[in-house]
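> Before we start, here is the structure in question, set down as structure tokens.
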């Protein structure tokens, strides 16, 4: 039986789901040669639907640092110099070229709402110097717990899976997709919503 979460009573302390919908048994370890560093907006830390936490359960190479809380200062020195930023490219910030540019030591992921993620990107100066990795959504969009705010938007675990796919192949990324789909299914059950394929 899942251990109960003291911060979210009645929830598993690892996946934050209700015990009868616990996802821990679905988690399959995903080993990557590249490390992943998630900079998570502090308001996401205890949300049931936070998918960065879910990805971290599967990925030993991932660490999460919260950002924005007045109680905790974010230390930018945790970002390795040879990192890529998982974020849309633009005119000022070009895309990394997997297979052409030297492979990154780390992929930095910004976790929060689109507005929160943009704010983090603008407020941590070192991020401006990093090449950007902009994964494309899957041809057939997966089920999600909420509609993306813009075309091409993805849940954090979905974007991480696409990054792993680019850097280390689709087989390595597949367990993250399975875990995300299981989470969406269980969140919908928790909310009493039956998903119907369109």
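> Would it be correct to say that residue 138 is surrounded by fewer than 20 Cβ atoms within 10 Å (Cβ to Cβ) and either at pLDDT below 70 or not in a helix (DSSP H, G or I) (or both)?
yes
> Same structure again: Taking the options 115, 146, 172, 188, name whichever one is surrounded by fewer than 18 Cβ atoms within 10 Å (Cβ to Cβ), modelled with pLDDT of 95 or more and either in a loop (DSSP other than H, G, I, E, B) or out of contact with any strand residue (DSSP E or B) (no Cβ under 8 Å at 6 or more places or on another chain) (or both). Give the steps one after another, and end with the answer.
Details: 115 fails: modelled with pLDDT of 95 or more; 146 fails: modelled with pLDDT of 95 or more; 188 fails: modelled with pLDDT of 95 or more.
One residue alone meets the criteria, 172.
> A further question on this structure: If you check residue 183 against the conditions, is it assigned to a loop (DSSP other than H, G, I, E, B) and either modelled with pLDDT of 85 or more or surrounded by 15 or more Cβ atoms within 10 Å (Cβ to Cβ) (or both)?
In short, no.
Residue-by-condition table, conditions (1) without any contact (Cβ under 8 Å) to a residue 40 or more places away in the chain; (2) under 17 Å from residue 121 (Cβ atoms); (3) crowded, with 17+ Cβ neighbours inside 10 Å:
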residue	(1), (2), (3)
36	no, yes, yes
60	yes, no, no
73	yes, no, no
79	no, yes, yes
82	yes, no, no
85	no, yes, yes
93	yes, yes, yes
98	no, no, no
101	yes, no, no
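> Could you list all residues from region 20-41 that are under 28 Å from residue 119 (Cα atoms) and either within 14 Å of the chain's Cα centre (by Cα) or in a strand (DSSP E or B) (or both)?
35, 36, 37, 38, 39, 40, 41
> Condition first: at pLDDT 90 or above, in a helix (DSSP H, G or I) and either in contact with a strand residue (DSSP E or B) (Cβ under 6 Å, 6 or more places away or on another chain) or at negative phi (or both). Can you find one or more residues in region 81-103 that meet it?
no
> Next up: Just to check your reading of the model, which residue among 16, 74 is assigned to a loop (DSSP other than H, G, I, E, B) and at positive phi?
It is 16.
The values are calculated or read from the model by the stated rules, or taken from the named source; none is laboratory data. Quantities reported herein were computed from a predicted structural model and do not represent experimental measurements. When we count neighbours, we look across all protein chains shown, and the Cβ atoms used for this are built from the backbone with ideal geometry, even at glycine.
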